[in-house]
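Accompanying notes for the structure given below.
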Amino acid sequence: MPARLKRTEAHEPDSVDSLAPVLEQQLPALFGGAQNTTASHRKLINSLHALFLRCSLVTTPSADGRSIRLSGEKAFGEKFREMCAFPLGVKKGVDQADRVVKFIAGFVGFAVEHDFKQREANDEDDEDEDDGPASRLVAQLLAFLLRGFQAKSKIARYRCVQLVALMINSLGEIDDESYHTLKSALLERVRDKEASVRQHAVVALSKLQDADEGADEDDSDEDSDDEDEEKAKGDKRTVTEVLVEVLSHDPAAEVRRAALFNLIPSPTSLPALLRRTLDVDTTNRRLAFSHVLAEIPLASLTVAQRQVVLGRGLRDREEAVRKASRKLVARWIEQVAGEEQDGQAIIEEFVGLFNLQDEEGLGVAEKALEALFEVRPDLVEGIDFGDSFYQSLTPATAFLARVYLSHLRDAESPLLADIEPVVTALAYFLQAEWTQLVVTLEADERNDEREASGEFIVGELVGLAINLDYGDEIGRRKMFELMREMLQHSLLPPSLIPKCLDVLLKGTSERDFMRIVVEIVQSLRRDSHLVTSDSELGEPDDDDSSSSSEEDDEDVPEGRARRKDKGKGKAKAPQQIERRKELDLRCLLVVRALLERVMSALQENSMLHGLVAELIVPSVQTKDYEIRAQGLVCLGLCCLLDKSMALDSFLLLARQSESTVGDMQVKVLQTLFDLLVLHGINFGEDRGIGTDIILGFLGSSLDQEDPRAAATAVVGIAKLMLAGMVTDEEILSRLVLLYFAGETADNPELRQCLSYFFPVYCYSNPANQRRVANVMIKCLDVLRNVYEETKEKSSMVTPLQIGAQLVDWTDPQKALDAENVQADENVQVDLAIKMVKALYRSEEKDGRKLWCQLLPKLYIPDEADDLTIKALLLLIDELKDNRPLAEAVPRNALNRFEAAVRKTFGERVDALTDEQIDESEVVREVKTWVDRVEGDGSEDEGVDGDEEEEESDEEESEEDDE
């Protein structure tokens, strides 16, 4: 009978009371097992789900009997959430907590999926989708976790967001209110101060991207009903917009990485994804290539985008990023190849992904082909580089031949001898392509595409010819004759001139090379004076701005008749001038390329003297912009080869740098600074071009309005100062002002140059630190006033930050430890005296506060001179007595500085005798300075006294340099 009773009790339905001990016993056991290993999670999830279904069957009627209470679900949910709360307080990095969180997310996903299958099996309507027990459990758990989003504990916020991110894919269909609540909570956590919280918030938010588009469309007409305007404004931002902002601006690399992994590529997000190829974090840059770009179809990228991103990757400083870029090339090859098996056809199509007519595109395409040779060598090894290959060249195949041969040459591959064409054969191939190009250029109907294609093929063949072996005399003569023929032809594209000269230079001495080129230039100049026949001149150009009034009416019959009557009259003059201009410009381009390739002094090559007088000087004096620009460049190159010509032309070039604009101004400035670096700033003293004139030019060059010209001037002056050629403190102060002023914030080239210059300049030489210390007070005063007048404070750092940077640059502890160079340990001791003097003179509250805040940042070495410290303390005492500080913050900072100095030097200073103090020059100077300022009340005299001290410091610096 007892046994039968137990059996009956075992089959009795569960109740809330009977479930309580079961939940108390089994839930902790299941969660405890889940924290040990993930291998048992599937089994534990099944057991937990079975218990959940068992509890969901337990219901109780309501008090009025009209409804049913889900008491079993409630009991399970309460205990389940209690167990979920345990890992929420465990810090990041604990494996047991991570396993439990994954277990919870896995159970939620399993339960929701089981509910979905159950509804499908029962053919329930979609309206009842939220009525399943799993949906109710998930909704309650989500509400519980969202409350944890607002927790003060960063650990709780991290675990709650982590769990939501893991289970968000398992939520199934949720109502609009729950969706907006979840989205708003995640948007808020995206701005959390903890990077780990932001990272998981980004992961969770990214899973709402697809749902967000439909939700935004549905809610577009309901925005006016939102109670909280700020919250509504935040919700209006799409998930994609938020993720793009995080990807672009979040300071934590791991948060940007999460956005990079989870942001779906689209026209909106693609530019931000591509910008991660410039991320400061190496891992993010690598993943941008291996994860993002590898999954984006080539058709989704423009030619410019392909060139930019691949160029960045293949030129990256980190090998890991370059390796990922090469793998991307292999991925693109697979997309291009498709079912194609012909290696040459695949490579031609791959090269077609880039713009070979663009210099940047050409460079990237060359890097891409080199990567292709490494990752897919089989494609190029199957190509036959025989005569038939060179007889049917296209831009892509010509480019392939040059790059592949260069690759084999750099790798010292034995394949080069079998593939490289002999000089004679290449000369014939090049002759054929050149003839075809000339025919295209002389055709009555111009075809820009054919011209560009022919020019590119000829250029690649000439580039290939540069590196050939010219031991074969017959081939050498054939190639050199062809080069002379091409250079003498008036239709040779300017881009081919330097390449042709490189071939000429390959097998000749420099003197013979110059003779040949001078003969070519003279031949071109003769042609420029032989343009006389009507057949050469052709019909006048209606659009020529320099045409005469008779040409303007060429469409009128009377005008044409009048022009015929005049024969070779004024109607031909404008076209003749234009033709002669083209030939003169071509001559200048040839001379420029020549001067860029020779190294011997100009006096040793008398054959160039005639070109200087007949071509270069008149070109500099002409009003035509193009000719004058090339003439100035040629003149500058001549000056680099001849010091006497540099002396004669320096002032002319300096005036041109002030009167020209744009590219010409940049070229002239580069030439001037090259001359100064080569010849020194004192090279013109014998001709009246003294140091004062050179320094005046340097100062005026910093006043450029054009950002490129200003950056060029800064780069040139930085070179001179690093070389020790320029030590003027006025120029140095101008550089300091340019670096920190807000006006140069939009000139990254200038800022980047100075950000490298100042640390190297200061830490490499103690004398340079002394110079920076001498100009610091004046510069900081100016910059403080500029900052106060600046409306956009974000364009400029605060004066305190500027001062701290200047103090860091003058820190003798950071000076480079080099042989025969002794650090100036007292530089900041003297700077402290200058700061206290500035504090003494300053009447503005912000100014006094600034100097007091900077004083404690100075390095006062234990080996400092006792009398100098005595002068510093004396000056501080006079300041407190005569001009005490009213504000607490600067007063406390000054007191801390004084206390630190007295703690270190107090006994030593007290031990000084009155005789030593009276005989000290630095103490006497401080007393005199204070008496003068207090006696006359004149700050100007105080400034003058300080300037006298700076002059003496400058003299000391010059002595140190000597």
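The values are calculated or read from the model by the stated rules, or taken from the named source; none is laboratory data. Small disclaimer: the values here were computed from a predicted structure and weren't measured. Glycine gets a Cβ as well: all are built from the backbone with ideal geometry, and neighbour counts include every protein chain shown.
Here Ala105, Ala111 are screened, and the one residue that is modelled with pLDDT of 90 or more and touching a Phe, Trp or Tyr at 6+ places or on another chain (Cβ under 8 Å) is Ala111.
In the set Ala143, Ala185, only one residue is assigned by TED's automatic domain parsing to the domain that holds Val108 and farther than 20 Å from Val100 by Cα; that residue is Ala185. If you go through region 790-809 and keep only what is of a type in the set (Ser, Thr, Tyr) and not in a helix (DSSP H, G or I), you end up with Thr790, Thr798. What are the pairs, 6+ residues apart or on separate chains, where a residue within region 375-395 that is under 16 Å from Ile457 (Cα atoms) and among the hydroxyl-bearing types (Ser, Thr, Tyr) has its Cβ under 8 Å from a residue that is surrounded by 18 or more Cβ atoms within 10 Å (Cβ to Cβ) and modelled with pLDDT under 90? Cβ pairs passing all conditions: none. Screening the candidates Leu831, Leu850 for the property of being under 22 Å from Asp866 (Cα atoms) and among the hydrophobic types (A, V, I, L, M, F, W, C) yields one hit, Leu831.
Residues that are of a type in the set (D, E, K, R) and part of a helix (DSSP H, G or I) were ranked within region 1-31; the one that is modelled with the lowest pLDDT is Arg7. Report yes if some residue within region 719-735 is charged (D, E, K, R), over 21 Å from Ile681 (Cα atoms) and assigned to a loop (DSSP other than H, G, I, E, B); otherwise report no. Within region 719-735 (the criterion being charged (D, E, K, R), over 21 Å from Ile681 (Cα atoms) and assigned to a loop (DSSP other than H, G, I, E, B)), the answer is no, since none of the residues qualifies. If you check Ala324 against the conditions, is it aliphatic (A, V, I, L, M), more than 23 Å from Thr283 (Cα to Cα) and out of contact with any Pro (no Cβ under 7 Å at 6 or more places or on another chain)? So Ala324 does not fit the description; no.
The number of residues in region 685-701 that are in a loop (DSSP other than H, G, I, E, B) and buried (at least 16 other Cβ atoms within 10 Å of the Cβ) comes to 1.
Residues are listed down the side, and each one gets a yes or a no for (1) over 17 Å from Val714 (Cα atoms); (2) buried (at least 19 other Cβ atoms within 10 Å of the Cβ); (3) touching a strand residue (DSSP E or B) at 6+ places or on another chain (Cβ under 8 Å); (4) among the hydrophobic types (A, V, I, L, M, F, W, C):
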{"site": "Leu735", "(1), (2), (3), (4)": "no, yes, no, yes"}
{"site": "Gln769", "(1), (2), (3), (4)": "yes, yes, no, no"}
{"site": "Met776", "(1), (2), (3), (4)": "yes, yes, no, yes"}
{"site": "Leu780", "(1), (2), (3), (4)": "yes, yes, no, yes"}
{"site": "Asn785", "(1), (2), (3), (4)": "yes, no, no, no"}
{"site": "Lys793", "(1), (2), (3), (4)": "yes, no, no, no"}
{"site": "Pro799", "(1), (2), (3), (4)": "yes, yes, no, no"}
{"site": "Ala804", "(1), (2), (3), (4)": "yes, no, no, yes"}
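The residue that is farthest from Arg476 (Cα to Cα), among those in region 372-423 that are part of a helix (DSSP H, G or I) and hydroxyl-bearing (Ser, Thr, Tyr), is Thr397.
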